[in-house]
Amino acid sequence: MAHLDTAVQVVVRGCLEVSGGERVLLVHDSTTDVIADRLQAAAEAVGAEARPAPIPVGQVNGEEPPPEVAAGMAVADVVIAPTAMSISHTEARRKASAAGTRIATMPGVTEEVLARAMAVDLQTIGRMAKAIAGRLSAASEARITCERGSDLRLSLEGREALVDDGRLGAPGSFGNLPCGEGFIAPLEDRGEGKLVVDGSIGGYGALDEPVELTIEGGRLTAATGDAGSRLLEQLSAAGGENVAELGVGCNGRARVSGNVLEDEKVLGTVHLAFGASASCGGVVQVPVHLDCVLLRPELALDGEPLVSGGRLSA
């Protein structure tokens, strides 16, 4: 893949700013051995002390890594985590970030996705992500509609949006890669309406047919189809039916692939997540965080459009 070497260098040098003498931990599983090897080699090439930390393939997003790996994360300078399931919203990740570790998680990443969506201009993505986050932070209410029947209102009052621009060079920085979104945690006890998801759902891949989600009092109360039933069951088992994140993609190289890691970064898409919200500026910490991607939604903030027809107006 022509762009894979470029993408690996962007991750190691551009995003995480790895330098000589730093301790770099590669948290990975059997699905990402090749990617972990490439990242380790790139870190070693700048003089870092890089070592692998293999973990079992996770069953769900938000599952905690083994205790010895969690301990290693907290004493590393940099953690890069290409894994099948996300460790972004784990206590281990949060403690490591609090200890000053710079962390990039890459849940569900493949060589193809990495090569395509990380061979990017970080400055361009950064400008767009900051503009989106600024609009989200300034708004009190978000309304998502679409031609398939979505009509959902979410409260953003008092919440500050975050920028996913890939810039992870400061101590304690955290983000997932590929990068390219602005996102916010809506108030978890508010939110009313219907959301028709036509892209992908975290852990389930691309949808064969749209899934209709009913949200009442900020919680998912009903879902259609097999994928919807599995989503609701998984969230309910972990006590994570609450709305957790509203995000808007701005990566012009990302493409809809059925991989939520990439799909949620596609320019002009919108995603809503349920479950853990503490990492997004919310208050819920549960062992699950599942994103639902809408391909061509309309998103208005306090009545003013932010996304319309696949285009941003930020």
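Quick check, is GLU233 of a type outside the set (Phe, Trp, Tyr) and either within 21 Å of the chain's Cα centre (by Cα) or farther than 30 Å from GLU112 by Cβ (or both)? Yes; evaluated as a whole, the condition is true for this residue. Might you check whether a residue that is within 12 Å of the chain's Cα centre (by Cα) and on the phi < 0 side of the Ramachandran plot occurs anywhere in the stretch 293-312? Yes, the stretch 293-312 contains a residue that is within 12 Å of the chain's Cα centre (by Cα) and on the phi < 0 side of the Ramachandran plot. GLY175 meets all of the listed conditions (1) part of a strand (DSSP E or B); (2) open to solvent by 30 Å² or more (accessible area, probe 1.4 Å) but one, namely (2).
In the stretch 180-190, the count of residues that are out of contact with any strand residue (DSSP E or B) (no Cβ under 7 Å at 6 or more places or on another chain), assigned to a loop (DSSP other than H, G, I, E, B), open to solvent by 20 Å² or more (accessible area, probe 1.4 Å) and more than 30 Å from ALA76 (Cβ to Cβ) is one or more. Taken over the stretch 1-33, the residue count meeting the criterion of being surrounded by 14 or more Cβ atoms within 10 Å (Cβ to Cβ), farther than 19 Å from VAL75 by Cβ and not acidic (Asp, Glu) is 14.
Screening ILE87 with (1) aliphatic (A, V, I, L, M); (2) within 26 Å of VAL10 (Cβ to Cβ); (3) at pLDDT 95 or above gives one miss only, at (3). The set of residues in the stretch 187-239 that are of a type in the set (Gly, Ala, Ser), touching a helix residue (DSSP H, G or I) at 6+ places or on another chain (Cβ under 9 Å) and under 22 Å from ASP263 (Cα atoms) comprises GLY199, SER200, GLY202, GLY203, GLY205, ALA206, ALA223.
All of (1) of a type in the set (A, V, I, L, M); (2) open to solvent by less than 50 Å² (accessible area, probe 1.4 Å); (3) out of contact with any helix residue (DSSP H, G or I) (no Cβ under 8 Å at 6 or more places or on another chain); (4) outside any helix (DSSP H, G or I) hold for VAL283 with one exception: (2).
For PRO67, indicate whether it is at pLDDT 95 or above, in contact with a strand residue (DSSP E or B) (Cβ under 6 Å, 6 or more places away or on another chain) and not hydrophobic (A, V, I, L, M, F, W, C). The answer is no for PRO67. Checking ALA170, ALA133, ALA139 one by one, the residue that is farther than 25 Å from PRO210 by Cβ, in contact with a strand residue (DSSP E or B) (Cβ under 9 Å, 6 or more places away or on another chain), of a type in the set (Gly, Ala, Ser) and open to solvent by 30 Å² or more (accessible area, probe 1.4 Å) is ALA170 and no other. Evaluate the following for LEU232: is it open to solvent by 20 Å² or more (accessible area, probe 1.4 Å), within 22 Å of GLY282 (Cα to Cα), of a type in the set (A, V, I, L, M, F, W, C) and out of contact with any Pro (no Cβ under 8 Å at 6 or more places or on another chain)? Against the criterion (open to solvent by 20 Å² or more (accessible area, probe 1.4 Å), within 22 Å of GLY282 (Cα to Cα), of a type in the set (A, V, I, L, M, F, W, C) and out of contact with any Pro (no Cβ under 8 Å at 6 or more places or on another chain)), LEU232 qualifies. Each residue in the stretch 139-160 was checked for being within 20 Å of ARG311 (Cα to Cα) and either of a type in the set (A, V, I, L, M) or part of a helix (DSSP H, G or I) (or both), and 4 pass. Of the residues screened, ALA129 is one that is part of a helix (DSSP H, G or I), in contact (Cβ under 8 Å) with a residue 40 or more places away in the chain, at negative phi and not acidic (Asp, Glu).
Of all residues in the stretch 256-274, those being open to solvent by less than 10 Å² (accessible area, probe 1.4 Å), in a strand (DSSP E or B) and closer than 16 Å to GLY108 by Cβ number 2. The single condition from (1) more than 14 Å from the chain's Cα centre (by Cα); (2) at positive phi that GLY180 fails is (1). For the stretch 245-252, does any single residue satisfy the condition of being touching a Cys at 6+ places or on another chain (Cβ under 8 Å) and either more than 24 Å from ARG94 (Cβ to Cβ) or surrounded by fewer than 24 Cβ atoms within 10 Å (Cβ to Cβ) (or both)? Yes, there is a match, as at least one residue in the stretch 245-252 is touching a Cys at 6+ places or on another chain (Cβ under 8 Å) and either more than 24 Å from ARG94 (Cβ to Cβ) or surrounded by fewer than 24 Cβ atoms within 10 Å (Cβ to Cβ) (or both). Cβ-Cβ contacts under 7 Å between residues 6 or more apart (or on different chains), taken from a first residue in the stretch 199-224 that is closer than 19 Å to GLU264 by Cβ and free of Cβ contacts under 8 Å to residues at least 24 places away in the same chain to a second residue that is open to solvent by less than 30 Å² (accessible area, probe 1.4 Å) and outside any loop (DSSP other than H, G, I, E, B), are listed as LEU207/VAL197; LEU207/SER200; LEU207/ILE201; LEU207/ALA227; ALA223/VAL211; ALA223/LEU213; ALA223/LEU231.
The values are calculated or read from the model by the stated rules, or taken from the named source; none is laboratory data. This one's a predicted model, so the numbers in the text were calculated from it and none came from an experiment. Reconstructed Cβ throughout: ideal geometry from the backbone, glycine too, with neighbour counts over all protein chains shown. Quick note on the areas: whole protein, heavy atoms, side chains included, nothing else; ligands and nucleic acids left out. Shrake-Rupley method; radii C 1.70, N 1.55, O 1.52, S 1.80 Å.
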